[in-house]
Structures are given as C-alpha cells and as structure tokens.
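The values are calculated or read from the model by the stated rules, or taken from the named source; none is laboratory data. Bear in mind the structure is a predicted one, so any value in this text is a computation, not a measurement. Virtual Cβ from ideal backbone geometry, glycine too; neighbours counted across all protein chains shown. These accessible areas exclude ligands, DNA and RNA; they are computed on the full protein's heavy atoms, side chains included. Shrake-Rupley method; radii C 1.70, N 1.55, O 1.52, S 1.80 Å.
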Amino acid sequence: MKASAMRWTNWSATAAGAILLLACQQSPRSSGTVTDKRSISAEVLPTADLKAVAEPFETIAEQAFTADPDQLRGLITKAEASYGAVKPTLTPQQRNVADGHVAAIRKAEQQRDSVGTALASVEMYRMLLEDQNSPGDLAIRAGLLDYAGFRYDALAQASEVRWPDMARTVEFAGAEWNRLAPSINDKSLREQFSTSLKAMSEAADKRDRAAARKAAAAELQLVDLLEKQLPAEHR
C-alpha cells in the first residue's frame, strides 16, 4: 500500500460512513507484537471500514522519516480521529493497549523520534488490520506484508539496530506470503517477491544496514504490484 497519498484521498471519502458504523459496534481485542497471532476480534468491523480506519496509521509509518513536523502532526491528528471512531467498541483492557500505541506515536513525534513514530504507528496499523469480518480477505494479507516492510525498514534506520527483531519481522512476512502466494497468478512476480524476502533475511543475518533498506524498498514496491494481482473483490 505504498500509494498512500492516493489511498488517503480514498480514506477521507469513505471515513465518514465508516465512522458512523464504527461507533455502533462492539468487540473484544487483545494486544500484539510481531510474534503474536491476533489483536482484534473478527467481530469488530466489516473489512472495508476496518481498512479505512487503519490506513492513516500506515501513512504515518510511511512518512515518519520524510514529512515536516507540521505535516506529521496533521497526519497523527487524523489518525487519532480515525481511532476515536473505533475506541467505543473496545473493552477497557483493549482500549489501554490501543491507547498505548497512540500515546507512543505522540510521544515519539514530540521527541522528533522518527523510528519510534514509525514503529508505534505500524503496530497500530497491524492491530486494526489483523482481525476483521473477512479473515480470508487477501488484501489483509497484502496489508500485513506492507506492515512487515515498514517495520523492517524503520528498524533498519535506528541508531542501534535490533537485528534479531528484523529477522523475526521477515519470518512474519514469510508466513503471510505463504498464505497469499497461491492467489498470485504471475509466476515472475511470485519469484520476485520470494527473492525480496530472501534479501531481507540475508541482510538481517549479515547486519548490513544498506542492503536491508534496499531490500525493504523492493519488498514494499512489490506489495503494490501484488495488490494489483488480487481478485477485484479483494482490492
């Protein structure tokens, strides 16, 4: 989902209806990290609305290193409003987890911590994406590949790189790719994506920051191509 500028326009067009629907629904949720299985109940929201709420947090993760301070604060404000529509549906414990991510985003932004801003945002993005009413939705699998790419790239930009954490992120991406790959008809694209994951893994093993960032960029670009290969009902 690298074309965030276009998707943000789509989000703003759909969010009004999504927010009205969101406030009327209830569901439980648990917290998650990259190694957890689930974070939101499958009863939370219809998939399209959940994606609309999640995408502002992906946008923050994508632009945390490049947006100027005013732009970044604006993105965070919009994402907080998006989360505010979901918040009434959550239990107190679940709200605590989500509030923690949102607070971490704000704190990192205030401290001009681009890595922290990106990581907190991408974890919130994952929480909102990972469970929904259509667990077989292939776009969710593609979204989680975006999550892995942004997380890996953010980790690679830290002053002290957590290489084992990057390796675990690649393992997460590999599991999601195994679920998505059978639905991609383009053999060349499947091979390219598998190669990109291998490059990410090797870069983490070799602790090569430049190679890691190059591999992450390739993976994120390929996710855009994968999304175009999905059946229309999953885009």
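Residues considered: S194, S183, S121. Of these, the only one that is among the polar types (S, T, N, Q), under 23 Å from D224 (Cβ atoms), over 18 Å from the mean Cα position of the chain (by Cα) and at pLDDT 95 or above is S194.
When the helices (runs of 4 or more DSSP H) confined to segment 122-235 are screened for residues that are surrounded by fewer than 18 Cβ atoms within 10 Å (Cβ to Cβ) and aliphatic (A, V, I, L, M), those reaching at least 3 such residues are found at 209-229.
The residues of segment 66-101 that are buried (at least 20 other Cβ atoms within 10 Å of the Cβ) and without any contact (Cβ under 8 Å) to a residue 24 or more places away in the chain amount to a single one, L75. Of all positions in segment 42-55, at least one carries a residue that is in a helix (DSSP H, G or I), at pLDDT 50 or above and open to solvent by 50 Å² or more (accessible area, probe 1.4 Å).
Condition check for R112 on (1) assigned to a helix (DSSP H, G or I); (2) open to solvent by 10 Å² or more (accessible area, probe 1.4 Å): one failure, at (1).
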